[in-house]
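Participant: Please see the structure below; I have some questions.
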Amino acid sequence: MDETVAEYIRRIILKIPRDEIKTMLKKWGFLSEIQLQTVNFCQVKENISRDVAQLCEENSADIKQAAVLDIIYNQTHPNKRVWSVYQMNKAGEEMEFFDLRYFKNKFKRRLQSALKNVTINFKEHEDNAIWIRIAWGTPYKKPNQYKTSYVVYHSQTPYVFISASVFKSNLPLLCQALIAASNYHDISEMELRSHSLNSLKDIVFKRYSQNFQTYYPRPLQERPVAQESADLRIIQENRNEKERIERLNWEAFGDGPLPKIEFAQYKLETMFKSNPKLDVLDKEPFRCLVKFSSPHLLESLKSLAPAGMADAPLSTLLTCIPQKARNYFRIRERTALLPGSFVSP
Amino acid sequence: HLATSLPLPSERDHLRPRIDLIVFLIDIKSKYSLKNTEVSVHHVDASFFLGKVCFLVTGVGRVNYCNVDMNAIWKMGEVFCSPVLFCELELEGVQVTTAQRLLQMLQICAGYVPGVSSLSFGSLMRRPADD
């Protein structure tokens, strides 16, 4: 049995948090109950990993089984990777019946015909997602199991979530295989990236609580005003302003939890408008990059106006992120033909 | 009465009692806070500056995050003849002490302490270096 496989399994175990190891191994199902009972899960992770690797060697684990464990780990901790969203387009309108086996076969054949050294594994997950794990090699080297790409595909939707690894050069090949296998016409990258896979799904499948413009804003008396009435001796002079800010914020962001994204990037290619005496840079567009980053960007944007750090209403460039399903923007100079600034892909 | 800036909204003019002490809160972590204070202080009637105004600088526990020019604050205290106090609202002990100090000042400004006027107290609060 290949020592590299045992080492690979051992490394995966080291990544798993200690209290999850047992449940994940049970889910994996490769080691029997009796074998699992012989392992002491209370010791240091180093030792646990070595014990488990030993057991796997006894069972002659091969790379296929190790890959399944890797997929399970990534399914439980998708937030360790950065995910990009791709959208596929169909030429015609008919929805063909989706055959999983056909998809898997076509995908495998397409990839393997182009690149012989590649490991491909599939696993279905809850909520109808198909997870594909790909380890890339070159015509001369075996696949590198430590640098894998993951693809999450919901067969009923045209969206694919890809966590590419360092080998970006294989991306076109991956995309080609995907459209061939799923009978789509072409695939394009959306400008949407984040660590949180579930949030990306929420944005793209429109599962977050959206807000629609209403003529009658929700009456604010319903809101719990516990803080205000707590001490009647404290009087807020700017209550109207506060309520206005809250209302605008509610219109922009809605009520419920917001999808979790970590950054928004704006590439500006606009003219530099300044004092006419400064004769600098007024011929060509001024290029600059503005990047907002936060552990939870949308929540922090939502709290800017109530905290007094920004004027309400916030710029639509910031609030349109979930609706437009993008967090990378390019802003060009407004031309004489178009009103307002031109936001382009 | 808490307000985010001056002038106060005029809708509540008839409901407002007499104002005895104005405390301007400046957060050293926020340049905007200082700027807001500088703008609002110009809306205060001159008679308040005889001891009825004070500047309270908060957030001094986190000196690393200091974003305002301390000289500007000292200067403002000098120009408007008003004391500058410091506190850290995140520490409960300091919070309580500062509140007690302000209450004491308020008592004087409202005239509840016989023999001490707000002007005489204000002159006691001036730093010796100012003269």
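Participant: Run down B:34, B:21, B:89, B:25 and say which single residue is of a type in the set (A, V, I, L, M), within 14 Å of chain A (Cβ to nearest Cβ), within 27 Å of residue A:242 (Cβ to Cβ) and open to solvent by 20 Å² or more (accessible area, probe 1.4 Å).
Facilitator: None of the other options fit; the residue is B:25.
Participant: What number of residues within the range B:6-18 satisfy the criterion of being open to solvent by less than 70 Å² (accessible area, probe 1.4 Å) and either over 24 Å from residue B:118 (Cβ atoms) or among the aliphatic types (A, V, I, L, M) (or both)?
Facilitator: 4
Participant: Return yes or no: is residue A:147 closer than 26 Å to residue A:10 by Cα, out of contact with any Leu (no Cβ under 7 Å at 6 or more places or on another chain) and open to solvent by 80 Å² or more (accessible area, probe 1.4 Å)?
Facilitator: Criteria met by residue A:147.
Participant: If you scan the range A:16-58, which residues turn out to be loosely packed, with under 14 Cβ neighbours inside 10 Å and assigned to a loop (DSSP other than H, G, I, E, B)?
Facilitator: Passing the criteria: A:17, A:29, A:32, A:38, A:40, A:42, A:43, A:44.
Participant: While we're here: Say whether the condition of being of a type in the set (D, E, K, R), open to solvent by 60 Å² or more (accessible area, probe 1.4 Å), away from chain A (no Cβ under 13 Å) and outside any loop (DSSP other than H, G, I, E, B) is met by at least one residue in the range B:41-51.
Facilitator: no
Participant: Sticking with this one: Just to be sure I understand the filter: pairs with C-beta atoms under 9 Å, separated by 6 or more residues or on different chains, first member in the range B:86-112 and more than 17 Å from residue B:17 (Cα to Cα), second member open to solvent by 80 Å² or more (accessible area, probe 1.4 Å) and basic (Lys, Arg). Which pairs pass?
Facilitator: B:87/B:101; B:88/B:62; B:90/B:62
Participant: Identify all residues within the range A:1-15 that are hydrophobic (A, V, I, L, M, F, W, C) and open to solvent by less than 40 Å² (accessible area, probe 1.4 Å); write none if there are none.
Facilitator: Scanning the range A:1-15 gives A:5, A:6, A:9, A:12, A:13.
Participant: So which residues in the range B:49-81 are closer than 18 Å to residue B:5 by Cβ and among the polar types (S, T, N, Q), if there are any at all?
Facilitator: Result: B:58, single match.
Participant: Against the definition (within 14 Å of chain A (Cβ to nearest Cβ) and hydroxyl-bearing (Ser, Thr, Tyr)), how does residue B:5 come out, yes or no?
Facilitator: Taking the combined requirement at face value, the residue satisfies it.
Participant: Here is a list: A:30, A:41. Which entry is aromatic (Phe, Trp, Tyr) and free of Cβ contacts under 8 Å to residues at least 24 places away in the same chain?
Facilitator: On inspection, the qualifying residue turns out to be A:41.
Participant: Looking at the range A:3-13, is at least one residue outside the structural domain of residue A:149 (by the TED database), in a loop (DSSP other than H, G, I, E, B), touching a Lys or Arg at 6+ places or on another chain (Cβ under 9 Å) and not small (Gly, Ala, Ser)?
Facilitator: Checked against the condition, which is being outside the structural domain of residue A:149 (by the TED database), in a loop (DSSP other than H, G, I, E, B), touching a Lys or Arg at 6+ places or on another chain (Cβ under 9 Å) and not small (Gly, Ala, Ser), the range A:3-13 yields no hits at all.
Participant: Additional query: I want to confirm something. Restricting to the range A:82-126 and keeping residues that are assigned to a loop (DSSP other than H, G, I, E, B) and open to solvent by less than 40 Å² (accessible area, probe 1.4 Å), which single residue is modelled with the lowest pLDDT?
Facilitator: Among them, the one singled out is A:92.
Participant: While we're here: Do the conditions hold for residue B:115, that is, is it in contact with a Leu (Cβ under 7 Å, 6 or more places away or on another chain), assigned to a loop (DSSP other than H, G, I, E, B), over 24 Å from residue A:245 (Cβ atoms) and away from every other protein chain (no Cβ under 14 Å)?
Facilitator: In short, no.
Participant: Still on this structure, I have one more. Here is a check on your reading of the model: is residue B:65 over 24 Å from residue B:126 (Cα atoms) and more than 13 Å from every other protein chain (Cβ to nearest Cβ)?
Facilitator: Answer is yes for this residue.
Participant: Another question about this same structure. When the residues of the range A:59-75 are filtered to those that are without any contact (Cβ under 8 Å) to a residue 60 or more places away in the chain and surrounded by 15 or more Cβ atoms within 10 Å (Cβ to Cβ), which remaining residue is farthest from the chain's Cα centre (by Cα)?
Facilitator: Here the answer is A:65.
The values are calculated or read from the model by the stated rules, or taken from the named source; none is laboratory data. None of the values given here were measured: they were computed from a predicted structure. Here the Cβ is made from the backbone with ideal geometry for all residues, glycine too, and neighbour counts use every protein chain on show. In case anyone asks, the SASA skips ligands and DNA or RNA and just uses the protein heavy atoms, side chains included. Shrake-Rupley method; radii C 1.70, N 1.55, O 1.52, S 1.80 Å.
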